[in-house]
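S.K.: So that we are looking at the same thing, I have put the structure below in structure tokens.
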Amino acid sequence: MTKPTVTLTDNLSGKSVELDVLSPTVGVKTIDIRKLQKELGYFTYDPGYLATASCSSSITYLDGDEGVLMYRGYPIEQLAERSSFLEVCYLLYYGELPSAERLQWYENVITHHTMLHEQVQYFYRGFRRDAHPMATMVGVVGALSAFYHDDLDIHDPAQRERSAHRLVAKMPTIASWSYRYSMGLPFNYPRNRLTYPEDFLHLMFAVPTEEYEIDPLMAKALDVILILHADHEQNASTSTVRLAGSSEANPFAAVAAGIASLWGPAHGGANEAVINMLREIERSDQPLEHWVKRAKDKDDRFRLMGFGHRVYKNYDPRAKIIRELANQILDRLPPGNPNQKLFDIARDLEQIALSDDYFKERGLYPNVDFYSGVIFLSMGIPVSMFTVMFALARTVGWISQWNEMMSDEHSRIGRPRQLYTGAAQRNYVPLGQR
Ligand code: SDX
């Protein structure tokens, strides 16, 4: 069978180079350009990496045109409906669905890594009470490596696995402590008898003076939201974790870099930006059409947060699932709940954008962030904690992608090149002659 290749010819020198075409299991073929500079003397140019595969991976596949998202080959719709977040964590890291015994083992391992070293709580005291929880997350997660000096050999699969377990297990405790500190509330400790989502709700909202009752619908909704956010191919924060980890930095430092990248409103910070946008619209006396017009105005930086996606130019499959979940929870809220007007604005905005040619022509549909904030609000989770929730869920994706990279014996430090547009060489001019 003929080996697939493409030939590139330089029309100035007439020189050509034949490049191999690499075929995926499913999706877009890629051209292997690794010998391009050596044989033809060129770099490639792709700011924002719109058409560049930074790595090969067997973890997550998404098709932006068809609205497909699969973790290890399993469609997100099936996992959201039938799996649990911890089972999905196992799947993402180990590559296969666990047997009943392995799942019980994994749940037990994660449960017994949820506590933090007592010294960690003193990190929080260094922050102002009104510090953004993402700031504390970046700081505390990055500092965690200080407690595991003897267990950070990134070339040892067992030590990589333990770091992965620690990060998945401890993120709910770290995240909840960020919230509790900002509220002046005492820190709660994990409860081993609770499930992962139940324990997070308890960590966040239990007060020492009374028993905390878990709302099963909220725990289930949280578990589904965590599944939907667990991984997403080579997005900005995952690529940050891979690049940081490629220097052989420890996994806690690499994940802290991922948290920092996720914080941006163009990425994971969008869920917080959506609610802030809806609140701005609610406070103004302008009709929704005014805001949609601003979003379309090239001279106006205002955008409809929660709309659009670099890859999904069709509906984000996660948005379809989370939209249904949001409607179930909203329909259960008592009439006159404080966020009702905000939720009505969200629904009306969605309808206007979905029927507007500007958005349809550009494939700008609501993404997962458009709806997640609505659910978090109804859970009593404050807006400042929304991106923390995203980071909590995405930690397993980051660490699974990091482990995949570190397991590759050919893995090398990532070091992109550039198109230099600065000054040509020139000589230094003494101060007196300038
Ligand atoms: C996440 O990568 C991932 O997988 C991310 C994520 C994950 O799980 O990791 O899915 C999570 O980050 C989801 C995206 C959350 N971000 C937002 O909701 C912020 C609002 N969206 C935009 O900032 C934007 O859509 C991006 C950043 C998401 C995508 O940007 P692109 O791919 O670089 O697209 P673009 O900025 O080039 O926009 C294309 C066109 C432009 O108009 P034209 O120049 O073609 O005329 O669409 C317009 C943009 O002006 N546009 C918008 C818009 N988003 C894009 N116009 C109005 N409102 C918007 N939200």
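S.K.: Restricting the search to the stretch 55-95, which residues are of a type in the set (Asp, Glu) and either closer than 16 Å to ALA169 by Cα or surrounded by 18 or more Cβ atoms within 10 Å (Cβ to Cβ) (or both)? Give the steps one after another, and end with the answer.
M.R.: Here is the first cut: in the stretch 55-95, the ones of a type in the set (Asp, Glu) are 63, 65-66, 77, 81, 87.
Correct list: GLU87 only.
S.K.: Just need a number here: residues in the stretch 314-325 that are more than 9 Å from the ligand (Cβ to nearest atom) and assigned to a loop (DSSP other than H, G, I, E, B).
M.R.: Initially, the stretch 314-325 is screened for residues more than 9 Å from the ligand (Cβ to nearest atom), giving 314-315, 317, 319-325.
From the residues that got through so far, the ones that are assigned to a loop (DSSP other than H, G, I, E, B) too are 314-315.
Residues in the stretch 314-325 being more than 9 Å from the ligand (Cβ to nearest atom) and assigned to a loop (DSSP other than H, G, I, E, B): 2 in total.
S.K.: Please go through (1) surrounded by fewer than 22 Cβ atoms within 10 Å (Cβ to Cβ); (2) at pLDDT below 95; (3) within 22 Å of GLY373 (Cα to Cα) for VAL274 and return the number of the only condition it doesn't satisfy.
M.R.: (1)
S.K.: If you don't mind, there's one more thing I want to ask. Looking at the stretch 28-42, which of its residues are in a loop (DSSP other than H, G, I, E, B) and exposed (fewer than 15 other Cβ atoms within 10 Å of the Cβ)?
M.R.: Applying the first criterion (in a loop (DSSP other than H, G, I, E, B)) to the stretch 28-42 yields 28-29, 32-35, 41-42.
Answer for the stretch 28-42, where residues must be in a loop (DSSP other than H, G, I, E, B) and exposed (fewer than 15 other Cβ atoms within 10 Å of the Cβ): VAL28, LYS29, ASP32, ARG34, LYS35, GLY41, TYR42.
S.K.: Identify, by number, the condition in (1) in a loop (DSSP other than H, G, I, E, B); (2) of a type outside the set (Asp, Glu); (3) in contact with an Asp or Glu (Cβ under 7 Å, 6 or more places away or on another chain); (4) under 26 Å from ALA219 (Cα atoms) that PRO334 doesn't meet.
M.R.: (3)
S.K.: Residues in the stretch 141-152: is at least one among the acidic types (Asp, Glu), in a helix (DSSP H, G or I) and in contact (Cβ under 8 Å) with a residue 12 or more places away in the chain? Can you show your working first?
M.R.: Pass one, the stretch 141-152, residues among the acidic types (Asp, Glu): 150-151.
With in a helix (DSSP H, G or I) added as a condition, the list becomes 150-151.
Those left that are additionally in contact (Cβ under 8 Å) with a residue 12 or more places away in the chain: 151.
Yes, because at least one residue in the stretch 141-152 is among the acidic types (Asp, Glu), in a helix (DSSP H, G or I) and in contact (Cβ under 8 Å) with a residue 12 or more places away in the chain.
S.K.: Look through the stretch 398-416, keep the residues that are without any contact (Cβ under 8 Å) to a residue 60 or more places away in the chain and loosely packed, with under 10 Cβ neighbours inside 10 Å, and return whichever of them is nearest to LEU243 (Cα to Cα). It would help to see each step written out before you state the result.
M.R.: Going through the stretch 398-416, the residues without any contact (Cβ under 8 Å) to a residue 60 or more places away in the chain turn out to be 408-410, 415-416.
Now restrict to residues that are loosely packed, with under 10 Cβ neighbours inside 10 Å: 409-410, 415.
Details: GLU409: 16, HIS410: 15, ARG415: 8 Å.
Result: ARG415.
S.K.: Is it true that some residue in the stretch 312-331 is free of Cβ contacts under 8 Å to residues at least 12 places away in the same chain, touching a helix residue (DSSP H, G or I) at 6+ places or on another chain (Cβ under 6 Å) and of a type outside the set (A, V, I, L, M, F, W, C)?
M.R.: No, the stretch 312-331 contains no residue that is free of Cβ contacts under 8 Å to residues at least 12 places away in the same chain, touching a helix residue (DSSP H, G or I) at 6+ places or on another chain (Cβ under 6 Å) and of a type outside the set (A, V, I, L, M, F, W, C).
S.K.: Report, ordered by the first and then the second residue, all pairs with beta carbons closer than 8 Å, sequence separation of six or more or different chains, a first member in the stretch 346-366 that is under 23 Å from VAL311 (Cβ atoms), and a second member that is assigned to a loop (DSSP other than H, G, I, E, B) and more than 11 Å from the ligand (Cβ to nearest atom).
M.R.: Filtered contacts from the stretch 346-366: GLY363/ASN314; TYR365/ASN314; TYR365/TYR315; PRO366/TYR315.
S.K.: Another question about this same structure. Against the definition (assigned to a loop (DSSP other than H, G, I, E, B), at pLDDT 95 or above and over 19 Å from the mean Cα position of the chain (by Cα)), how does LEU103 come out, yes or no? Don't jump to the end; show me each part of the working.
M.R.: Values: assigned to a loop (DSSP other than H, G, I, E, B): no; at pLDDT 95 or above: yes; over 19 Å from the mean Cα position of the chain (by Cα): yes.
It is false that LEU103 is assigned to a loop (DSSP other than H, G, I, E, B), at pLDDT 95 or above and over 19 Å from the mean Cα position of the chain (by Cα).
S.K.: Quick check, is PRO382 at pLDDT 95 or above, over 17 Å from the mean Cα position of the chain (by Cα) and surrounded by fewer than 22 Cβ atoms within 10 Å (Cβ to Cβ)? Can you show your working first?
M.R.: Numbers: at pLDDT 95 or above: no; over 17 Å from the mean Cα position of the chain (by Cα): yes; surrounded by fewer than 22 Cβ atoms within 10 Å (Cβ to Cβ): yes.
It is false that PRO382 is at pLDDT 95 or above, over 17 Å from the mean Cα position of the chain (by Cα) and surrounded by fewer than 22 Cβ atoms within 10 Å (Cβ to Cβ).
S.K.: Scan the stretch 187-238 residue by residue and report those that are away from the ligand (no atom under 16 Å from the Cβ), among the acidic types (Asp, Glu) and either assigned to a loop (DSSP other than H, G, I, E, B) or within 30 Å of GLY48 (Cα to Cα) (or both). Lay out the reasoning, then the answer.
M.R.: First, pick out the residues of the stretch 187-238 that are away from the ligand (no atom under 16 Å from the Cβ): 187-223.
The next check asks that each one be among the acidic types (Asp, Glu); those that pass are 198-199, 210-211, 213, 215, 223.
Within the stretch 187-238, GLU210, GLU211, GLU213, ASP215 qualify.
S.K.: Report, by residue number, each residue of the stretch 203-217 that is touching a residue at least 24 places away in the same chain (Cβ under 8 Å) and surrounded by 19 or more Cβ atoms within 10 Å (Cβ to Cβ).
M.R.: So in the stretch 203-217, the residues touching a residue at least 24 places away in the same chain (Cβ under 8 Å) come out as 203-205, 217.
LEU203, MET204, PHE205 - these are the residues of the stretch 203-217 that are touching a residue at least 24 places away in the same chain (Cβ under 8 Å) and surrounded by 19 or more Cβ atoms within 10 Å (Cβ to Cβ).
S.K.: Give me the pairs, please: first residue somewhere in the stretch 155-166 and hydroxyl-bearing (Ser, Thr, Tyr), second residue anywhere and surrounded by 12 or more Cβ atoms within 10 Å (Cβ to Cβ), beta-carbon distance under 6 Å, and either six or more positions apart or on two chains.
M.R.: Pairs that qualify, where the first residue is hydroxyl-bearing (Ser, Thr, Tyr) and the partner is surrounded by 12 or more Cβ atoms within 10 Å (Cβ to Cβ), are SER163/PRO251.
S.K.: Could you grab the pairs with beta carbons closer than 7 Å, sequence gap of 6+ or different chains, first residue in the stretch 417-433 and under 30 Å from PHE43 (Cα atoms), second one among the aromatic types (Phe, Trp, Tyr)?
M.R.: Every condition considered, the pairs that remain are ARG417/PHE43; LEU419/TYR45.
The values are calculated or read from the model by the stated rules, or taken from the named source; none is laboratory data. Just so it is clear, the model here is predicted, and its values are computed rather than measured. Ideal geometry is used to build each Cβ from the backbone, glycine not excepted, and the neighbour counts take in all protein chains shown.
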